[in-house]
1. At 0.36 nm per residue, and after removing the present C-alpha to C-alpha distance, how many nm does the segment from Arg112 to Ser303 gain when stretched out fully?
2. Would you mind computing, in nm to one decimal, how far apart the modelled labels at Ile105 and Lys312 are, each placed 7 Å from Cα along Cα→Cβ?
3. Starting from the amide H of Ser303, placed 1.01 Å from N in the peptide plane, find each other amide H under 5 Å away whose residue is 5 or more places distant or on another chain.
4. Taking only pairs that are 8 or more places apart or on different chains, how many Lys pairs in the stretch 259-344 have Cα atoms under 27 angstrom apart?
5. Taking a spot 7 Å from the Cα of Glu142 along the direction of its beta carbon, which residues of the stretch 227-244 have an amide N less than 13 Å from it?
6. Treat every Asp and Glu Cβ in the stretch 306-413 as -1 and every Lys and Arg Cβ as +1, leave all other atoms uncharged, and give the resulting dipole magnitude about the Cα centre to the nearest 20 debye.
7. What nm value, rounded to one decimal, do you get for the distance between Asn196 and Glu393 when each label is placed 7 Å out toward the C-beta?
8. Cut-off under 20 Å on the C-alpha distance; same-chain residues fewer than 8 positions from Lys139 excluded. Which lysines are left, in chain and number order?
Amino acid sequence: MARKEETPNMVERFAEFKELKNIDKTTMISVLEESFRNVLAKMFGTDENLDVIMNPDKGDVQIFQNLEVVPDGEVENPNLQISLTDARADNDPEVEIGEEHTKEIIFADFGRRAILTLRQTLQSKILELQKEAIYAKFKDLEGELVTGEVYQTWSRETLLLDDEKNELLLPKNQAIPGDFFRKGETVRAVIANVDNNNNNPKITVSRTNENFLRRLFELEVPEIHDGLINIRAVARIPGERAKIAVESYDDRIDPVGACVGVKGSRIHGIVRELRNENIDVIPFTNNPSLFIQRALSPARVSSIRLDEEEKKAEVFLKPDQVSLAIGKGGLNIKLASMLTGYVIDVYRDVEENPGEEDIYLDEFKDEIDEWVIDALKDMGCVTAKSVLRTDREELIKRADLEEETVDNVIAILRAEFEEEPEAPAQQEAPEAAQDAPEEAPEETTEA
């Protein structure tokens, strides 16, 4: 009699387990029934003639076996047939040959091994269910912010655990340069990717993804969370610098001021989270020319020539603005291109002396290697006179060219203007492209 009580007790314990794993009642009943059928099918060879009735309110299960009644001595398969005498003896005195006799099966009567097999089957199915639930949950959360506690750090990745002890993997290439985590430390990131290979969900999180910056602004700026301000574009070089374009749906709200906060109160928290990554907030506009000008801030643009089909922009600036447009290590122009979607080429504005004869560097491709010309153009020198006006040492440093190469270029260009007096070298603005000072994050106003 004690063995018969093991089945309902096991069901009750499973009910507690399902509460822990947050599995709904309908799924619990389905899993229980399927598990019983799988075990019974192995025991009887088939489960087609078995009825498994779950009673979740009582916490028990009833199993019935439907057998065909055959004449005595003609039973070929006891799992499908029963003799007339045995059927009538089993509380069915009026049954006849050819009819169906239903026999109740007490699962606990099959002993501890059968019960152990059932428990193992249940645990296996629950684990599969749990993995499917985790995958479905986090797949819907891709791109959303998540918080985890550092559990273990390896050379290539860090393992985080969320509040429900789900495992989150932060690869090293998805961490911000300078990130260093200690066990037990709380880390914020966005869910970048969720895989489910072989029903084994793998949740990868990122702190370099542009969505991480978006979610941090949504967290810190109520107007963005409420939909009054929209983030139109984001460009990041993690750990270095970022640009974000915002617009307001309410004319009374200054989108840049709202994101920066009073004395930078809102943006400073984001900067700290990003390991002091400088953030430029600029107002978005549908005018691509104006948008590019704002994106190149703090440089002041003289003029822009756009090719909207090719998504290219030629930007002309005064000599002292070129280094500001390029930025330290080329970060400013790179971020501006990422933010606007345009390939931006920066050129010196040579209209200082109208009517002055000049020649574009491309005209010298027969005498100067094309890669040398490209290096000079990248630093803003697009014409022969703009190169000759630039100090020799600056050409060597900013274009990253050998002294002999620079001297050869200067000689070729000067030969083209040999009838004119030698043009004195003009000292460039002190900020070289790679030495331009990094701008502190501040409000960027409309040009």
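1. Between Arg112 and Ser303, full extension yields 60.2 nm more.
2. Result: 7.7 nm between the two label points.
3. When sequence neighbours closer than 5 places are left aside, the close amide H contacts are Phe316.
4. Lysine pair count for the stretch 259-344: 7.
5. none
6. Numbers: 13 positive and 29 negative charges, 134 e Å.
That gives a dipole near 640 debye.
7. Each label point is offset 7 Å from its Cα along the Cβ direction, giving 6.5 nm.
8. Lys21, Lys131, Lys165, Lys202
Here, each number is a calculation from the coordinates, and none is a lab measurement. Predicted model only: the values in this text are computed from it and were never measured. Virtual Cβ from ideal backbone geometry, glycine too; neighbours counted across all protein chains shown.
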